[in-house]
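First up is the structure itself, then whatever we jot down about it.
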Amino acid sequence: MAVDQDNGQIDQPASESYEELLDDYSHFGPPPANEVLQGKILSITGKDVIVDFGYKSEGIAPIEQFQNASGEVTVHVGDVVDVMVEHGEQQEGYVVLSHTRAARLRIWDNLERAYQEQLILSGRVMGRVKGGLAVDVGLEAFMPGSQADPRPIHNLDALIGQDIPVKIIKLNRRRGNVVVSRKLAVEEEITARKTTTLDHLSEGMVVTGVVKNLTDYGAFIDLGGIDGLLHVTDMSYGRVTHPSELLHVGEEVTVKVLKFDRSKERVSLGIKQLEPDPWELVAERYPLHSRVIGRVVNVTDYGAFVELEPGIEGLIHISEMTWSRRMKHPSKVVKAGDQVEAVVLEVHAKERRISLGLKQLEPNPWTTIDTRYSVGSVVEGRVRNMTDFGAFIEIEEGIDGLVHVSDLSWTKRVKHPSEVLKKGQIVQAVILNIDSSAHRLSLGIKQLQPDAWESFFQTHQIGDTVHGRVCRLASFGAFVELAEGVEGLCHFSEVPGYSGRRGSEEPPLAVGQQLDFKIIKLSEAEKKIGLSLRAVADDDEKTRLEDYQRQAAAATTTIEEVMSLKDRNLE
């Protein structure tokens, strides 16, 4: 700068303007009050931080204002930081600065802007306070318990130490009060994520989600603001009893969108659909009559399910476990966890069914029964079961024969097999019929003894006189026991002296009477014997007449002989 000697005025260089001079000399004036300034860190000592904040002299601030809770310095030389001038204070030629006041003032400015614009802030939960939680958002804010989550949280302590998104719902700078809400921030995030997810989601997509909740029937997967249902049947081709066997809450999973209803915001998901369906080639891997090995995974009243490979199960029906019919429950043969060998009987890939058999591993005893037994042969077995119509007798493992109730006795009228047999009893029987194709064997016990009726018909004929006992009466006649199990009928019309007028007189015979009867009718096919007392009486009368006639004839002969002798004597 030069001074004009003629007029005493100062000559100003052309490159400098009046505004530049004011700006230059303003550095020598006092700093503005309560203004947040930005300064550059020049150096860091053991106690202080030297800051160039744009004035004629540098500023100084305590190093404690730049340390974290662990005592570590959080800034470096060259960093730009916020500061405020502590008026009227200087230290060793430096202007005393406050980074803490500047930071606090800057925080309040930021909080007010966030409150006005409803921005989402990040805060760290410091701890529990009465009615809620203390949250650090640059300064300590209060979050009511009801604002912790869109859903009620029973354990607020679980959030302590976490960084959470919050929105300011109340702010009072004068009192220093800030109230925040995680609930509103989460709901806003969920709404934003949900909108994005709905815009991009479609059936057939493969997406990633987080397991949100587990139930007995499946799992709910958070896809980003919208939950999808992963049903237990779509988790694996194998057997899954409960979703917890495969998934855990909070786990990230990859799923496939099976169905998507945009209007109802319903999403069905699947995991097993990400892998090839093992049933597609099941017929090739398990041909008919092949032998397979698997693990019993479930036992029911009607059979056992065997896992041949993950996702492939076959059923061994109770009827296919043993050739014997005495099987009561599959648990008598197999148990869950057993490793078994079986034969493939049927494969239905579309219905996802495989029928297996255990008994096919052993020879079928019915295929050789014709060569081992013959009709008429006597066998021995144990009474296994009894029904109203007969008794089942096991003559060997897998071979049961039926003794019909009519084949238990020749002589007794058996109403139930228990009248003759006991369960578990060892008995002999005669084979009456063999039907190997139908797995049926007919047996008889009464055939072990001669037929009383057959013997009677062989030794008697019409006209024979037999002795019998009246065993029961009917309105038309009396049944007479002629031998054990053999009865004949004597109609009352065949009783001498019976008028035949029903109700007019007492029955001519009584139970227990023992009399001689004459056989007047025999029918072996119908097992009927007709008896007559009248015929016996007639025979007696005829016999007496014949005896009388013989006696009369004999007497006449004697008189003639006497007379002849007398005549000879007279001569």
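The values are calculated or read from the model by the stated rules, or taken from the named source; none is laboratory data. Please read all numbers here as calculations on a predicted model, not as lab measurements. All Cβ positions, glycine included, derive from the backbone under ideal geometry; neighbour counts span all protein chains shown.
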Seminar exercise, completed: Scanning the stretch 350-382 residue by residue, those part of a loop (DSSP other than H, G, I, E, B), touching a strand residue (DSSP E or B) at 6+ places or on another chain (Cβ under 9 Å) and either closer than 30 Å to V430 by Cα or at pLDDT 90 or above (or both) turn out to be L358, Y373, S374, V375, G376, S377
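Scan A478, A510 and give me the residue that is in a loop (DSSP other than H, G, I, E, B) and either at negative phi or not basic (K, R) (or both). If you could, list the steps in order and put the result at the bottom.
Working: A478 fails: in a loop (DSSP other than H, G, I, E, B).
Going through A478, A510 in turn, just one is in a loop (DSSP other than H, G, I, E, B) and either at negative phi or not basic (K, R) (or both): A510.
Using the structure shown, decide if D400 is of a type in the set (D, E), more than 25 Å from E484 (Cβ to Cβ), in contact (Cβ under 8 Å) with a residue 12 or more places away in the chain and assigned to a strand (DSSP E or B).
Details: of a type in the set (D, E): yes; more than 25 Å from E484 (Cβ to Cβ): yes; in contact (Cβ under 8 Å) with a residue 12 or more places away in the chain: yes; assigned to a strand (DSSP E or B): yes.
Considered against the rule, which asks whether it is of a type in the set (D, E), more than 25 Å from E484 (Cβ to Cβ), in contact (Cβ under 8 Å) with a residue 12 or more places away in the chain and assigned to a strand (DSSP E or B), D400 comes out as yes.
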For this session: Filter the stretch 456-475 down to residues that are assigned to a helix (DSSP H, G or I) and in contact (Cβ under 8 Å) with a residue 12 or more places away in the chain and give me whichever is surrounded by the most Cβ atoms within 10 Å (Cβ to Cβ).
Result: F456
Problem set entry | Output for the stretch 270-290, where each listed residue is loosely packed, with under 13 Cβ neighbours inside 10 Å and farther than 30 Å from K259 by Cα | E284, P287, L288, H289, S290
For this session: Can you run down the residue pairs with Cβ atoms below 8 Å, 6 or more apart or on separate chains, where the first is in the stretch 161-182 and at positive phi and assigned by TED's automatic domain parsing to the domain that holds S122 and the partner is surrounded by fewer than 19 Cβ atoms within 10 Å (Cβ to Cβ) and not polar (S, T, N, Q)?
Result: G161/R124; G176/L139
Exercise. Would you call L269 in contact with an Asp or Glu (Cβ under 9 Å, 6 or more places away or on another chain), aliphatic (A, V, I, L, M) and modelled with pLDDT of 90 or more?
Worked result: yes
Problem set entry | Near pairs, Cβ below 8 angstrom, 6+ apart or cross-chain, from the stretch 200-225 (on the phi > 0 side of the Ramachandran plot and touching a residue at least 40 places away in the same chain (Cβ under 8 Å)) to any residue that is surrounded by 12 or more Cβ atoms within 10 Å (Cβ to Cβ) and not in a loop (DSSP other than H, G, I, E, B) | G204/K256; G204/V257
For this session: Report, by residue number, each residue of the stretch 424-451 that is more than 20 Å from V378 (Cα to Cα) and either surrounded by 16 or more Cβ atoms within 10 Å (Cβ to Cβ) or in contact (Cβ under 8 Å) with a residue 24 or more places away in the chain (or both).
Result: none
Problem set entry | When residues of the stretch 438-457 are limited to those that are modelled with pLDDT under 85 and of a type in the set (S, T, N, Q), the one farthest from the chain's Cα centre (by Cα) | S455
Exercise. Within the stretch 195-221, how many residues are surrounded by fewer than 18 Cβ atoms within 10 Å (Cβ to Cβ) and under 30 Å from I168 (Cβ atoms)?
Worked result: 6
Exercise. V296: assigned by TED's automatic domain parsing to the domain that holds L229 and buried (at least 18 other Cβ atoms within 10 Å of the Cβ), yes or no?
Worked result: no
Problem set entry | Single condition E481 does not satisfy, out of (1) among the charged types (D, E, K, R); (2) within 21 Å of E454 (Cα to Cα); (3) free of Cβ contacts under 8 Å to residues at least 40 places away in the same chain; (4) exposed (fewer than 12 other Cβ atoms within 10 Å of the Cβ) | (4)
For this session: For the stretch 272-307, name all the residues that are closer than 22 Å to V240 by Cα, aromatic (F, W, Y) and in a loop (DSSP other than H, G, I, E, B).
Result: Y302
Exercise. So is N68 free of Cβ contacts under 8 Å to residues at least 24 places away in the same chain and either under 60 Å from the mean Cα position of the chain (by Cα) or not assigned by TED's automatic domain parsing to the domain that holds F142 (or both) or not?
Worked result: yes
Exercise. Which one is surrounded by the fewest Cβ atoms within 10 Å (Cβ to Cβ), of the residues in the stretch 351-369 that are free of Cβ contacts under 8 Å to residues at least 60 places away in the same chain and within 20 Å of the chain's Cα centre (by Cα)?
Worked result: E351
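Answer yes or no: is there a residue in the stretch 244-263 that is touching a residue at least 60 places away in the same chain (Cβ under 8 Å) and assigned by TED's automatic domain parsing to the domain that holds V211.
Start the filter on the stretch 244-263 by keeping residues that are touching a residue at least 60 places away in the same chain (Cβ under 8 Å), which leaves 262.
Right, trim to assigned by TED's automatic domain parsing to the domain that holds V211 and you get 262.
Scanning the stretch 244-263, I find at least one residue that is touching a residue at least 60 places away in the same chain (Cβ under 8 Å) and assigned by TED's automatic domain parsing to the domain that holds V211, so the answer is yes.
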For this session: Identify the residue in the stretch 314-350 that is closer than 20 Å to P287 by Cα and among the charged types (D, E, K, R) and, among all such residues, is surrounded by the most Cβ atoms within 10 Å (Cβ to Cβ).
Result: E320
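Residues that are within 28 Å of K412 (Cβ to Cβ), of a type in the set (K, R) and at pLDDT 80 or above: does the stretch 523-532 have at least one?
Taking the stretch 523-532 and keeping what is within 28 Å of K412 (Cβ to Cβ), we get 523-532.
Then drop every residue that is not of a type in the set (K, R), which leaves 527-528.
Going one step further and asking which of them are at pLDDT 80 or above, we end up with 527-528.
Yes, the stretch 523-532 contains a residue that is within 28 Å of K412 (Cβ to Cβ), of a type in the set (K, R) and at pLDDT 80 or above.
Conditions tested, residue by residue: (1) at pLDDT below 80; (2) under 17 Å from K40 (Cα atoms); (3) not assigned by TED's automatic domain parsing to the domain that holds K183.
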position: Y55; (1), (2), (3): yes, yes, yes
position: V83; (1), (2), (3): no, yes, yes
position: E89; (1), (2), (3): yes, no, yes
position: L97; (1), (2), (3): no, yes, yes
position: G123; (1), (2), (3): no, no, no
Exercise. Do we find that V83 is farther than 30 Å from Q162 by Cβ and crowded, with 17+ Cβ neighbours inside 10 Å in this structure?
Worked result: yes
Exercise. Does I395 satisfy being farther than 20 Å from K332 by Cα, in the same structural domain as E309 (by TED's automatic domain parsing), in contact with a Gly (Cβ under 8 Å, 6 or more places away or on another chain) and of a type in the set (A, V, I, L, M)?
Worked result: no
